[in-house]
Amino acid sequence: MSPTPGRVTAVDTYDIRFPTSRELDGSDAMNPDPDYSAAYVVLRTDAEDGLEGHGFTFTIGRGNEVQVAAIDSIAHHVVGRSVDELCGDPGTLNRDLIGDSQLRWLGPEKGVMHMAIGAVVNAVWDLAAKRARTPLWKLLADAEPEWLVSQVDFRYIADALTPEEALTLLRGGRVGAGAREDRLREHGFPGYTTSPGWLGYSDEKLTRLARQAVADGFTQIKLKVGADLDDDVRRCRTARAAIGPGIRMAIDANQRWNVDEAVRWTRALAEFDPYWVEEPTSPDDVLAHATIRDAVAPVKVATGEHVQNRIVFKQLLQAGAIDILQIDAARVGGVNENLAILLLAARFGVPVCPHAGGVGLCELVQHLSMFDYVALSGTTENRVIEYVDHLHEHFIDPVVVREGHYLAPAAPGFSATMRPESIAEFTYPDGSFWAADLAHQPHEKGAAA
Ligand SMILES: [Mg+2]
């Protein structure tokens, strides 16, 4: 592809934290005071093009240093690799990282180590798309189906999806792709907004932001629920009154409930016509989701932002446990594993409505949905990408949302690159913001480190 040979010379990491807990942005029943954070990674090379690969995973504050350490622990797998080979076949690196026999003990394929792999693999995809001078969604949509299949690890999922079935799905996805790409560039991809519904907001703020969401062209909003039922009844009534009957309203419990609570609570809110109930219980509990889904229909069941890998997604689909599959760009092992999950969703005919928000998750995941639309599922029907209007200003190529739609990114890469001045300000604990802040809180410095 590129005429410039080169090797990866460094894998630099950054512990970046934003003090979002002070405004209760992002507050929900399980996470009352998140400081939205990124364990951020930059792949540097000695190639003449001077391009870097940027990636990250999202955390909500304390522990981000653990996530950074996990990324540091796999850096030796990347340094010294040929940039051409890496970008021509990220799947080989993906397999090598998952296959590190000593580090595998810390998973396997789940939690902090797996998220670290995702951050590094996503950085490789960012570099590959920058070198190809194309946004990642288009790199994926234009890729040969055979090559895409080669990027997927079918271990543990072949009982539900074989490479041959994946190839058939991807070949079918190419039919009409040109017209869909044109439509995508013209209209964008539908989004929905969670900004009105954080648990810590007052009813006045909820009403104002819900009305604003409708005025901004969104056809769906989402409310956090699960802390107090009486409050939730009041908030859902308030929100429904603000948006009217024609706008979809999802509710999100962030894993707060046991099965019986999930059923009782969802039924108690059913009069406000929730479209889906999200993360009703533990993301590991496949059978609980199936039970809840049976009991709360026609309210749909959605989950995925904390589903740790393609194997659990496979089981959720096999068990008929979810109506909506919510991929997250930075939870699993990166683009390669998300390709597997998108293919599983297509195989089972379940719509994908990605989780986003946090730090940069909207920027990343839009590429995966746009690929899915153009070259795999072929539809945006009942598919929406979560949108949260926070922290986009820290990115070089932030998402653009108009009339409730994500516009297709045009810049080369994965939209993952953060502004250098933001990195300098919010690196913990020595960036300019935190250094000044911690100087005023001498007792917390030791506790937070
Ligand atoms: Mg959620």
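The values are calculated or read from the model by the stated rules, or taken from the named source; none is laboratory data. Everything quoted here is computed from the prediction, not taken from an experiment. Cβ: placed from backbone, ideal geometry, glycine included. Neighbour counts: every protein chain shown.
Looking at region 169-196 only, could you name the residues that are more than 18 Å from the chain's Cα centre (by Cα) and within 16 Å of the ligand (Cβ to nearest atom)?
PRO196
A quick yes/no check of all residues on (1) under 20 Å from THR59 (Cα atoms); (2) β-branched (Val, Ile, Thr); (3) surrounded by fewer than 22 Cβ atoms within 10 Å (Cβ to Cβ):
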{"residue": "GLU261", "(1), (2), (3)": "no, no, yes"}
{"residue": "ALA288", "(1), (2), (3)": "no, no, yes"}
{"residue": "LYS300", "(1), (2), (3)": "no, no, yes"}
{"residue": "ASN309", "(1), (2), (3)": "yes, no, no"}
{"residue": "PHE313", "(1), (2), (3)": "no, no, no"}
{"residue": "ALA319", "(1), (2), (3)": "no, no, yes"}
{"residue": "ALA330", "(1), (2), (3)": "yes, no, no"}
{"residue": "GLY333", "(1), (2), (3)": "yes, no, no"}
{"residue": "GLU337", "(1), (2), (3)": "yes, no, no"}
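Could you look through region 309-343, keep only residues that are within 16 Å of the ligand (Cβ to nearest atom) and under 19 Å from ALA123 (Cα atoms), and pick out the one that is farthest from the chain's Cα centre (by Cα)?
Among those residues, the one meeting the criterion is VAL332.
Since TYR156 meets every condition but one in (1) touching a Leu at 6+ places or on another chain (Cβ under 9 Å); (2) aromatic (Phe, Trp, Tyr); (3) at positive phi, which condition does it not meet?
Unmet condition: (1).
Surrounded by 22 or more Cβ atoms within 10 Å (Cβ to Cβ) and among the aliphatic types (A, V, I, L, M): is that true of ILE60 in this structure?
Criteria not met by ILE60.
Pick from GLY173, GLY178: which is surrounded by fewer than 15 Cβ atoms within 10 Å (Cβ to Cβ) and either at pLDDT 95 or above or in the same structural domain as ASP49 (by TED's automatic domain parsing) (or both)?
Among GLY173, GLY178, only GLY178 is surrounded by fewer than 15 Cβ atoms within 10 Å (Cβ to Cβ) and either at pLDDT 95 or above or in the same structural domain as ASP49 (by TED's automatic domain parsing) (or both).
Under 7 Å between Cβ atoms, at least 6 apart or on separate chains: pull out the pairs that start in region 313-333 with a residue that is basic (Lys, Arg) and end on any residue that is within 13 Å of the ligand (Cβ to nearest atom).
So the pair list comes out as ARG331/GLU305; ARG331/HIS306.
Any idea which of (1) outside any loop (DSSP other than H, G, I, E, B); (2) touching a strand residue (DSSP E or B) at 6+ places or on another chain (Cβ under 8 Å) is the one ARG347 doesn't satisfy?
If we test ARG347 against (1) outside any loop (DSSP other than H, G, I, E, B); (2) touching a strand residue (DSSP E or B) at 6+ places or on another chain (Cβ under 8 Å), just (2) comes out false.
Out of the residues in region 251-277 that are under 25 Å from the mean Cα position of the chain (by Cα) and under 21 Å from THR207 (Cα atoms), which is nearest to the ligand (Cβ to nearest atom)?
ASP252
Of all residues in region 227-250, count the ones that are in contact with a helix residue (DSSP H, G or I) (Cβ under 7 Å, 6 or more places away or on another chain) and within 15 Å of the ligand (Cβ to nearest atom).
Counting residues in region 227-250 that are in contact with a helix residue (DSSP H, G or I) (Cβ under 7 Å, 6 or more places away or on another chain) and within 15 Å of the ligand (Cβ to nearest atom) gives 1.
If you check ASN258, ASN254, which single one turns out to be in the same structural domain as PRO351 (by TED's automatic domain parsing) and in contact (Cβ under 8 Å) with a residue 40 or more places away in the chain?
ASN254
TYR14 is checked against (1) in a loop (DSSP other than H, G, I, E, B); (2) modelled with pLDDT of 95 or more; (3) not small (Gly, Ala, Ser) and fails just one. What number does that condition carry?
For TYR14, the failing item is (1).
Which of the residues spanning region 348-360 are of a type in the set (A, V, I, L, M, F, W, C) and either touching a Lys or Arg at 6+ places or on another chain (Cβ under 8 Å) or within 11 Å of the ligand (Cβ to nearest atom) (or both)?
Result: VAL352, CYS353, ALA356.
Considering (1) under 23 Å from GLU337 (Cα atoms); (2) without any contact (Cβ under 8 Å) to a residue 40 or more places away in the chain; (3) surrounded by fewer than 24 Cβ atoms within 10 Å (Cβ to Cβ); (4) within 14 Å of the ligand (Cβ to nearest atom), say which one THR281 fails and leave the rest.
Going through the list (1) under 23 Å from GLU337 (Cα atoms); (2) without any contact (Cβ under 8 Å) to a residue 40 or more places away in the chain; (3) surrounded by fewer than 24 Cβ atoms within 10 Å (Cβ to Cβ); (4) within 14 Å of the ligand (Cβ to nearest atom), THR281 breaks only (1).
I'd like to check something: does region 229-243 contain any residue that is closer than 18 Å to PRO354 by Cα and either modelled with pLDDT of 95 or more or in contact with a Pro (Cβ under 6 Å, 6 or more places away or on another chain) (or both)?
Looking for residues that are closer than 18 Å to PRO354 by Cα and either modelled with pLDDT of 95 or more or in contact with a Pro (Cβ under 6 Å, 6 or more places away or on another chain) (or both), one finds none in region 229-243, hence no.
Failed condition for PHE426, given (1) surrounded by 17 or more Cβ atoms within 10 Å (Cβ to Cβ); (2) at pLDDT 95 or above; (3) not assigned by TED's automatic domain parsing to the domain that holds PRO19, with all others met?
(3)
Which one is surrounded by the most Cβ atoms within 10 Å (Cβ to Cβ) among residues in region 205-226 that are closer than 21 Å to PRO354 by Cα and in contact with a helix residue (DSSP H, G or I) (Cβ under 6 Å, 6 or more places away or on another chain)?
VAL225
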